[in-house]
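J.: Dropping the structure in here first, questions after.
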Amino acid sequence: MPPTLADYGSSSPPKDGPREMSTFKTVRRNKDDPATCSTDEDSIPTKGAQEGRKSDKRSLDYAMRSGLAGGLAGCAAKTVVGPLDRVKILFQASNPQFMKYTGSWTGLATALRDIYSTSGMRGLFRGHSATLLRVFPYAAIKFIAYEQIRAVLIQNKSQETPGRRLISGSLAGITSVFFTYPLEVIRVRLAFETKQHSRSSLSSICRQIYNEVPHSSVASPSTSPSTATPPSAAASTARHLSSSAAHHHNPLGATAAAASSSAQTASASLEGITTQRGLANFFRGFSPTLVGMLPYAGMSFLTHDYAGDVLRHNFFEEYTTIPGTADPARHKSKQLKYWAELAAGGLAGLVSQTASYPFEVIRRRMQVGGAVGDGHRLRMTETARLIWAERGFRGFWIGLTIGYLKVVPMVATSFFVYERGKYWLGI
């Protein structure tokens with residue numbers, strides 16, 4: 001029978017063997033014993049306990065926390081650039097009252113000044129309530145989807161490749177668009193209005209968009225036959241792009257053509273289902289949004305993650321990271337200092353905006369289609385031809401300077417708030 005503490009007659013364990021020491025610890029370690037202190041062995045997490053403390057990215061708790069951090073990040077980012085976003089929409093959608101400001105370096109400042117002088121601060125944030133209503137679920141879903149998809153595609157360091165990061169970001173962006181796109185159309189229409197005495201409310205804008213009956217004709221009266229493309233021609237163009245990419249053995253071209261064709265098919269399906277009641281009006285510009293989201297969200301997450309890896313490199317970490325913020329048990333790297341995190345996010349915004357801007361211009365023109373002209377619903381290829389006929393190649397890049405001024409601080413703020421939010425929420 002093994003000896004007990006009473007057999008020794010003192011609180012000191014025997015010194016003649018590890019077996020006796022183990023027995024002594026078994027007796028001493030009692031959860032109800034007040035003498036047990038926080039440094040005793042049973043208070044130190046075992047390997048199994050540490051594994052249990054690891055952030056389970058597929059758990060509901062992790063999804064809720066990351067969604068909260070993402071939603072707050074999106075709202076903060078959009079608020080920072082609200083006035084720039086308003087002017088950019090007016091420029092992109094070719095608002096007649098603001099076309100005179102485009103093409104000059106002072107156009108942005110002049111437009112902001114005129115809006116402020118006629119409508120005050122509320123004019124600069126016109127449509128911002130709809131923006132926040134949309135951006136919280138949009139950003140929350142985007143970051144949740146990215147974390148979940150990334151957890152599936154990247155399960156260890158060896159799988160953390162640029163391609164997997166790009167795919168994770170692209171799929172996350174597409175997922176968020178599917179759930180929140182109608183709110184984006186409402187926001188753009190509110191921001192597009194410049195009326196001073198009879199501004200539309202959120203509910204009236206919704207009714208207006210819903211009641212816009214699309215014409216069955218292919219060509220708009222304001223569009224010449226040479227600039228309008230019938231659906232059959234659009235389909236032929238898509239097939240030509242796809243076959244051309246395959247002929248030249250260009251996988252990226254084939255992927256882009258396939259994505260464009262799929263996006264237009266999805267948009268056409270939505271319109272076919274909802275045309276009778278006007279619900280398709282809330283999906284104007286849906287196809288270029290899907291196509292544009294592939295490079296935008298993909299390059300955004302890819303660039304941010306890669307820049308973060310570079311800034312956390314041993315050569316830079318002394319200057320770019322916050323000491324004591326790493327959590328090896330949860331495979332969490334050190335937090336970047338505020339300027340480094342903002343720099344990584346700003347670079348991500350610069351790259352993603354450049355990669356996707358032409359699709360954004362097409363999308364804006366499609367979204368305000370019911371606010372200008374006769375309400376004819378143009379498809380993606382028709383809108384692209386119209387922009388080309390009006391302004392040529394430069395038409396697809398109009399407002400890009402404002403885009404940089406808006407997107408760089410917006411994405412920087414978004415990633416900064418998200419990363420800090422995750423840290424403080426313990427994920």
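J.: Amide H of residue 332: which non-local residues (sequence gap of 5 or more, or other chain) have their own amide H closer than 5 Å, using H built in the peptide plane?
T.: It is 327, by chain and number.
J.: In addition: Based on other C-beta atoms within 10 Å, arrange 309, 85, 327 from fewest to most.
T.: 309, 327, 85
J.: Same structure again: If I stretch the segment between residue 207 and residue 113 completely, what's the gain in nm (0.36 nm per residue apart, minus their alpha carbon distance), one decimal?
T.: Value of the extension gain: 30.7 nm.
J.: If each residue of separation counts as 0.36 nm, what is the full-extension length gain between residue 61 and residue 394 once their alpha-carbon separation is subtracted?
T.: 115.2 nm
J.: Are there any chymotrypsin sites (Phe, Trp or Tyr not before Pro) in segment 299-401 that are in a DSSP loop and have at most 10 other Cβ atoms within 10 Å? List them by number.
T.: Answer in residue order: 315.
J.: Let me ask something additional. If you take the Cα atoms of segment 286-392, find Rg, then find the Kirkwood Rh from the mean of 1/r over all pairs, what is Rg/Rh?
T.: Rg divided by Rh gives 1.23.
J.: Taking the Cα centre of segment 286-392 as origin, work out the dipole magnitude from +1 charges on Lys and Arg Cβ and -1 charges on Asp and Glu Cβ, in debye rounded to 20.
T.: 320 debye
J.: Would you mind checking which residues have amide H under 5 Å from residue 321's amide H? H placed 1.01 Å from N; only 5 or more apart, or other chain.
T.: Result for residue 321 returns 337.
J.: Step through the residues of segment 303-317 one at a time and calculate ³J(HN,Hα) from phi using the Karplus curve (6.51 cos²θ - 1.76 cosθ + 1.60, θ = phi - 60°), rounding each to whole Hz and writing x for Gly and Pro.
T.: Per-residue couplings from phi come out as 5, 4, 5, 5, 4, x, 4, 5, 5, 8, 4, 3, 5, 10, 4 Hz.
J.: Fewest first, what order do 296, 423 take by the number of other Cβ atoms within 10 Å?
T.: Ordered from fewest to most neighbouring Cβ atoms within 10 Å, 296, 423 come out as 423, 296.
J.: Of 88/422; 78/332; 78/334; 57/332; 332/406, which pairs sit farther than 22 Å apart, going by alpha carbon to alpha carbon?
T.: The pairs that break the limit, which is 22 Å between Cα atoms, are 88/422; 78/332; 78/334; 332/406.
J.: State, to one decimal in nm, how far the label point of residue 133 lies from the label point of residue 325, with both points 7 Å from Cα in the Cβ direction.
T.: About 3.6 nm, to one decimal.
Coordinate-derived values only; no laboratory data. Note that this is a predicted model, so its numbers are computed, not measured. As a convention, Cβ positions derive from the backbone with ideal geometry for all residues, glycine included, and neighbour counts pool all protein chains shown.
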